[in-house]
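The values are calculated or read from the model by the stated rules, or taken from the named source; none is laboratory data. Keep in mind the model is a prediction, meaning the values are calculated, not measured. No Cβ is skipped: glycine too gets one built from the backbone with ideal geometry, and neighbour counts run over all protein chains shown.
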Amino acid sequence: MLSSLAAGFGLGLSLIVAIGAQNLFVLRQGVRREHVLAVVAVCAASDAVLIALGVSGVGAIVTAVPWVLAVVRWAGAAFLVGYGVVAARRALQPSGAALHVEEDAPIVARTRTVTTTRAAAILTCLALTWLNPHVYLDTVFLLGSVAATHGAERGVFGVGAAAASVVWFTALGFGARFLGRWLDSPRAWRILDGVIALVMWALAFSLVLPVFTG
C-alpha cells in the first residue's frame, strides 16, 4: 500500500511541477496574496476530480469520443490567448498606472490597487485547469493508465497523486509571498506580466500546432 501511495505521489508531483498557465496563475495570486486559499483549493480539488476520473477508467471512454478533446483544445487556446493579452496590457502600462505606493506600507501592499475579485480568480483558475487538454492527457489518461497497473491498490495510487497536488499548490501559493521582496517595484511587476503573456501565448500555440502538423 505504501509503495502505491508513494508511486502516486511521485508521478503526480512530476506531472504538475512544470511551468504552465495554472502554475503561473497560482504564483501570481500568491505573490499578491490575493484569494490564495480559494485558488489553491480550486486547483487541488480539480486535480482530485481529474485523478479520480483517470483512476476509475473514464479516460478510456473519453478516448472513444475524440471530438471532446478537440473542443477543449480550441477553447483552451482561445482562453490562453485572451489571458495573455490581458497580461500584456498590464505589462505595457506606464510605470505609475494602476499603482499605489505608500512609504510605510509593507511590500505586499506596494502592488496594483486593481485587484481581482474572488469570483474572477476562481473562474480564471477553473478555466486554466479544465480548458487545458494537457491536463486530460497527463492526469486522466497517463496517470490513469499507470494507476491501472497497481490493480486493487489503484485507489491508493490516486490518493497519493491527489496528495501531491495539495502539497504542490499549497507550497506554490503560500510560498510565493517570499518573492515579494523582488517584486516590490512597478518595473518588476511589468516584467512578470510580460513573461506571463509570452508563456500563455506559447502554450496556446503548442495546443493548436498538432492540428496543422499532424
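Observations
- Restricting attention to the stretch 154-174 and to residues that are over 25 Å from L80 (Cα atoms) and surrounded by fewer than 17 Cβ atoms within 10 Å (Cβ to Cβ), the residue that is farthest from the chain's Cα centre (by Cα) turns out to be G155.
- Within the stretch 5-25, residues that are touching a residue at least 24 places away in the same chain (Cβ under 8 Å) have Cβ atoms under 9 Å from residues that are outside any helix (DSSP H, G or I) and of a type in the set (A, V, I, L, M, F, W, C) in these pairs: N23/V17, counting only partners at least 6 apart in sequence or on another chain.
- Taken together, the residues in the stretch 175-214 that are exposed (fewer than 15 other Cβ atoms within 10 Å of the Cβ) and among the charged types (D, E, K, R) amount to 2.
- Residue in the stretch 83-96 that is touching a helix residue (DSSP H, G or I) at 6+ places or on another chain (Cβ under 8 Å), modelled with pLDDT under 60, part of a loop (DSSP other than H, G, I, E, B) and not basic (K, R) present: yes
- Among the residues of the stretch 53-66, the ones that are modelled with pLDDT under 75 and either within 18 Å of the chain's Cα centre (by Cα) or in a helix (DSSP H, G or I) (or both) come to 6 in all.
- For the stretch 1-57, the set of residues classified as within 19 Å of R90 (Cβ to Cβ) and among the polar types (S, T, N, Q) consists of Q22, N23, Q29, listed by residue number.
- Residue in the stretch 112-123 that is at pLDDT 85 or above and surrounded by 15 or more Cβ atoms within 10 Å (Cβ to Cβ) present: yes
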